[in-house]
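The values are calculated or read from the model by the stated rules, or taken from the named source; none is laboratory data. Values in this document were obtained by computation on a predicted structure and should not be read as measured data. A quick note on method: Cβ atoms are made from the backbone with ideal geometry, for glycine too, and the neighbour counts reach across all protein chains shown.
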Amino acid sequence: MAITVANCCFSVLSSTFKSRYCHLRFATSPSHSYFDARSLKATNNKKRALKGSSSSASPRKSNAEKKLPGRLKDDKSGLYADGISGQGDMGRPQSTGFKSFGTQRKDKKEFQLDSREQQVEPGSLQDANFLNAVVKVYCTHTAPDYSLPWQKQRQYTSTGSAFMIGDGKLLTNAHCVEHDTQVKVKRRGDDTKYVAKVLARGVDCDIALLSVESEEFWKGAKPLHLGHLPRLQDAVTVVGYPLGGDTISVTKGVVSRIEVTSYAHGSSDLLGIQIDAAINPGNSGGPAFNEQGECIGVAFQVYRSEEAENIGYVIPTTVVSHFLNDYERNGKYTGFPCLGVLLQKLENPALRACLQVQSNEGVLVRRVEPTSDANNVLKQGDVIVSFDDVHVGSEGTVPFRSNERIAFRYLISQKFAGDVAELGIIRAGKLMKVQVALNPRVHLVPYHIDGGQPSYLIIAGLVFTPLSEPLIEEECEESIGLKLLAKARYSLARFKEEQIVILSQVLANEVNIGYEDMSNQQVLKFNGTRIKNIRHLAHLVACCQDKYLVFEFEDNYLAVLEREAAMATSSRILKDYGIPSERSDDLLEPYVESLGDNQAIEQDFGESPVSNLEIGFDGLLWA
């Protein structure tokens, strides 16, 4: 059995984060190398390793391994088509043709792929202009402390790579500048570091956009041109600043595969290019070139296994262009959309006959995510046979270039948030066309925290916070409990603002005596009212006039506090533990209740997790 390790391509100096089922490491390359990442889970017990390459110095838990949450996904056919699984967004398609792989919309100023031929002779590589567009990135990170959400962890540093794309902007990997407090860049052959600003992060596609205001930095700069998607066996050159030295590094190989690939950082599935050129910590964010000197993608992770060698991954220019066009249109990055359905393949003739599907095509809708727009259009038992007039095969694939097929979720990934797709479906034997709006997926348990700092609420020493994958990583899964982990992995959000709120820990005091050992337990109700999210809990507590504060947890466990005593003691507890405030800043805003939440919370979608068999079975895929 292969033992897998996943590294994102920026080197982290001294910390290794370990996933339950596979080791994902981000490599950032300052002075030491190390990693940090989101994990992927293979349900067939294969252990897979995706590594990003950036190098970095580690935070306060140096040399200590952290367990990362896994995500259910089978490499072969248990595919997630667009991020509907309990774990991650996987496919998000765009509906236009397969021949032109740049973004197809041209209503605004969009980033188009440049096919100008600039043949680079092998002997002139040393002086090639495109090498001068690749810069080294130095980042100082200060990550939140999810176990103690009112404070930050000790800062650490990392290095990676980036490249110029014109208009005063640089591209790199999102994991290279995650939780950044300072970002600096240095050009090849220069001894000056310039301060850079992060304009946008695409967590799901692992891309970040940087800007440098200094005019001195851009003197004589020639940005790179984005080339087209390469063909199999095309030569590829990876350029960056990996570990092992301070100067630029160049490695060569060929394109060995192009398919929908798992992105370790964003726990998503998007188009990826597999190459056999060496990608090491520090290469993250560096460009990959074809023989004409055009950029065909961004190096971002590698696959490590005892059974495989020389497997690196590059984010293709189709994904890069989608990111840039999204930012250009909206002034911010909105993300890849998803369809929001759990699908089953229809390879069995008897199954197709039972569903009245006459031809060998289509995928069965097993479940629709409550928060998706498809919930108002599609039903369980529908068979999707086409997406924007592109026929979907019975194994969940669609045509891709010449003599190739690719996962159906690729079509969804070509769309933008808010786009509408036309689906051809068979319902009760009748063929019909329906319109479905595509939007980014709503995660019940998020993989990344927007704004970087988690929410928290402290009531008489009881610390409440929303459950998130970073918190699970920090706490280690053994201390979370299997029932809560099952919800985190497989349950679906019933409405857009739903959160799993947990009692993270209890700050011991005489007012909460007897509850000191409680930790990582989900709170379901407060004084008989079911909790929707942490803002709702804070609102209920603030409005409470009852004598007692009654918290109901999983398995009918109760914690009761006398309200007046609890409020009187809160300020002293905060002072004793050196906590600046009883709640995070986002909870200071007035609570506004959504009308749809009250109806949705009565449904049982979130209460009964999807089974391991249903998610991991090879015949199923999430769209």
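Here region 196-214 is the region considered, the condition is being assigned to a strand (DSSP E or B) and in contact with a Phe, Trp or Tyr (Cβ under 7 Å, 6 or more places away or on another chain), and the residue that is nearest to ASN330 (Cα to Cα) is ALA200. Among the conditions (1) closer than 20 Å to ASP585 by Cβ; (2) touching a helix residue (DSSP H, G or I) at 6+ places or on another chain (Cβ under 6 Å), the only one that ASN533 does not satisfy is (2). In the condition set (1) aromatic (Phe, Trp, Tyr); (2) more than 26 Å from the chain's Cα centre (by Cα); (3) in a strand (DSSP E or B), PHE217 is compliant with all but (3). Within region 515-528, residues that are assigned to a loop (DSSP other than H, G, I, E, B) sit with their Cβ atoms under 6 Å from residues that are at pLDDT below 90 and surrounded by fewer than 17 Cβ atoms within 10 Å (Cβ to Cβ), at 6+ positions apart or across chains, in these pairs: ASN520/SER479.
Note on region 215-236: residues that are free of Cβ contacts under 8 Å to residues at least 40 places away in the same chain and closer than 15 Å to LEU271 by Cβ total 2. Would you check if LEU229 is closer than 16 Å to THR317 by Cα and part of a strand (DSSP E or B)? Judged against the criteria, LEU229 is not a match.
Here is a list: THR159, THR103. Which entry is at pLDDT 90 or above and touching a Phe, Trp or Tyr at 6+ places or on another chain (Cβ under 8 Å)? On inspection, the qualifying residue turns out to be THR159. Take GLY293 and tell me if it is at pLDDT below 90 and either more than 18 Å from the chain's Cα centre (by Cα) or of a type in the set (D, E, K, R) (or both). Against the criterion (at pLDDT below 90 and either more than 18 Å from the chain's Cα centre (by Cα) or of a type in the set (D, E, K, R) (or both)), GLY293 qualifies. Which ones in region 534-565 are among the polar types (S, T, N, Q) and at pLDDT 95 or above? Matches in region 534-565: none. Of the residues making up region 399-424, just one is of a type outside the set (Gly, Ala, Ser), without any contact (Cβ under 8 Å) to a residue 60 or more places away in the chain and buried (at least 19 other Cβ atoms within 10 Å of the Cβ), namely LEU423.
Okay, residues lined up against (1) surrounded by 24 or more Cβ atoms within 10 Å (Cβ to Cβ); (2) free of Cβ contacts under 8 Å to residues at least 24 places away in the same chain; (3) among the aliphatic types (A, V, I, L, M):
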position: GLY266; (1), (2), (3): yes, no, no
position: LEU271; (1), (2), (3): yes, no, yes
position: ALA278; (1), (2), (3): no, no, yes
position: PRO281; (1), (2), (3): yes, no, no
position: SER284; (1), (2), (3): yes, no, no
position: PHE289; (1), (2), (3): yes, no, no
position: GLN292; (1), (2), (3): no, no, no
position: CYS295; (1), (2), (3): yes, no, no
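The residues of region 551-566 that are of a type in the set (A, V, I, L, M) and part of a strand (DSSP E or B), listed by number, are LEU558, ALA559, VAL560, LEU561.
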